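Working notes, structure below.
The values are calculated or read from the model by the stated rules, or taken from the named source; none is laboratory data. Keep in mind that this is a model prediction, so the values were computed, not measured. Methodologically, a virtual Cβ is constructed for each residue, glycine included, from the backbone with ideal geometry; neighbour enumeration extends over all protein chains shown. Accessible surface is based on the protein model in full, side chains and every heavy atom, while ligands, DNA and RNA are left aside. Shrake-Rupley method; radii C 1.70, N 1.55, O 1.52, S 1.80 Å.
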Amino acid sequence: MKFNRYTKHYIKKILGRPDHAWHKTVFEDRIKKDTWKNRAGILANAELALADRGSYESEEAYGVSNDPIVIQGHTLKKKIETEFSGILENRHFERIVIHIPDQNISPAGYSLFTNFKEAFEFIGVPTKELDWNEPIGPILDSFKPTILLTSDHASYLEKIDWRTVKDRKKIHHLKIGLTASLEEYGNSPLAGRLAWAKAHSVDFYYSFRDPEYIHSRKEYRPFFDAGYKVLFMPFGAHISRYFPVAGFERDLNYVYLASKQSSKPAMLDFLSPIMTEYPGFIDGPGWERIKKFRFNRDRDRYVYARAKVGLNLHLPEQINWPCETNERTYQLAACGVPQVTDHAKLLDKIFGPDSLFIADTPEAYLAHFENIIHNPDIGTRHALAAQKEVFEKHTTYHRAASFIDQLKSL
């Protein structure tokens, strides 16, 4: 016998069991109807604008803009691009292959690894993508990489023919790098993975997390005890894709581009007071009302251009440990969106006190949001500060150049 969600809810209620799925479903049902009603039109308009990007991203368009966020962002983008474009071309011997998951399997993984691939290419490092189901032998033979980057997770490792990799390592100068991940964050026991790494001639590990956090947390000690170095490539703003565009009115109360994950227990508490009272824009995998999610980094900047506020939430480990802040933090800042976020511990280290609107409680989160809605000049001042910090210190170009420098230590 099959039960609908309402019957299941009341059975669990009678039995005294928590029904998290019910609360999430009810939350989604209570989101302002205009949010769902207007979603398709907002996406269509963004697609049209992207197709006519020359009208919004030309020097003429930026020249006539009177939006201080657009003006500053365009100036900073040109400055940083000039600083990093081809900076390492013909100045090193590294050639990198990055294993990239299919975006339908992991939108976040696809975004992260693709952003870094493009960043390496931009600074002058020859880089190729190893597609999710692509055999590795041909790219090793034709491209002859010196570095292979993939993730230390079974779903990634099982996609690669490691016998072929081992054979090519005997012929070519090739180093293998895996992500330094912990069992505490959902991976398999570390001891077994380190033994596998030794057996398959893994050369080093790398992490998207903060170096101080990695070196201070005892659970990472086995990597170093096994003789491995951990290199660092923290998240950053990929300003080839995320930057302000000219010619748009900020007419959306909020934009929330994120998956609806059960691993975000704060979602109901922090987002519900806003989303049930104010219409806005939501996009991402996992939402019941979004049947066909399609990831598009270029389109997203045109959605962000209309946002009065960018909403952001972090994972529990990002709240409890000063390990990282998500990519969205940097994307919102680069696009110049006033950002309301929960209190990931690393934020205090990365951003100044007047850059983001950081909330420790749902009440503070709502207060920040409504303050920006009613006082947009306050939002603009914070957005300008956050944008400047990200462009000058926290782009994927900065991260990629640092990573190449760290490779010298191997």
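Ignoring aspartates and glutamates fewer than eight residues from LYS229 along the same chain, the ones with Cα atoms less than 17 angstrom from its Cα are ASP152, ASP203, ASP210, GLU212, GLU219, ASP405. Checking every one of the GluC sites (Glu not before Pro) in the stretch 168-275 against DSSP loop status and a limit of 12 other Cβ atoms within 10 Å picks out GLU249. The stretch between ASP131 and LYS144, if pulled fully straight at 0.36 nm per residue, gains 3.1 nm over its current Cα-Cα span. Specify whether the C-alpha gyration tensor of the stretch 148-223 places it in the rounded, prolate or oblate class, a ≥ b ≥ c being the square roots of the eigenvalues: rounded for a/c under 1.5, otherwise prolate if a/b is larger than b/c and oblate if not. Cα axes put the stretch 148-223 in the prolate bin. Here the extension length gained between GLU47 and GLU81 equals 9.7 nm, from 0.36 nm per residue of separation less the Cα-Cα distance. Based on Cα contacts under 8 Å between residues 6+ apart, the chain shows a relative contact order of 19 percent. Name the shape class, rounded, prolate or oblate, that the alpha-carbon gyration tensor gives for the chain, where a ≥ b ≥ c are the square roots of its eigenvalues, rounded holds for a/c under 1.5, and otherwise prolate holds if a/b is larger than b/c and oblate otherwise. Here the chain falls in the oblate category. Taking amide hydrogens as placed 1.01 Å from N in the peptide plane, the amide H of ALA359 sits under 5 Å from those of THR341, ASP342, HIS343, each at least 5 positions away in sequence or on another chain. Counting only protein chain heavy atoms and rolling a 1.4 Å probe, the accessible areas of GLU392, GLU118 rank, largest first, as GLU392, GLU118. Among the listed pairs LYS79/LYS291; LYS308/LYS349; LYS77/LYS169; LYS128/LYS393; LYS79/LYS260; LYS128/LYS198, give every one whose C-alpha distance is greater than 29 Å. Table pairs above 29 Å Cα-Cα are LYS79/LYS291; LYS77/LYS169; LYS79/LYS260.
Segment ALA40..THR361, full-extension length gain: 112.4 nm, with 0.36 nm per residue of separation and the alpha-carbon distance subtracted.
Across the stretch 197-214, computed HN-Hα scalar couplings (Karplus, 6.51 cos²θ - 1.76 cosθ + 1.60, θ = phi - 60°) run 4, 5, 5, 10, 6, 5, 9, 7, 10, 9, 9, 8, 9, 5, x, 4, 5, 4 Hz from first to last residue, x flagging Gly and Pro. Separation of the stretch 360-410 and the stretch 74-144, taken as the distance between their Cα centroids, equals 23 angstrom. Distances between placed amide hydrogens fall under 5 Å for THR395 paired with ALA237, all partners being 5 or more residues away or on another chain.
Which longest run of the chain has no exposed loop site in it, a site being chymotrypsin sites (Phe, Trp or Tyr not before Pro) in a DSSP loop with at most 12 other beta carbons within 10 Å, and the site itself not part of the run? Looking at the chain, 94-410 is the longest stretch - no exposed chymotrypsin sites (Phe, Trp or Tyr not before Pro) with at most 12 other Cβ atoms within 10 Å. Selection among TRP321, LEU178, LEU271 by position relative to the dipole of the stretch 163-321 gives LEU178 as farthest towards the positive end (Cβ unit charges, Cα centre).
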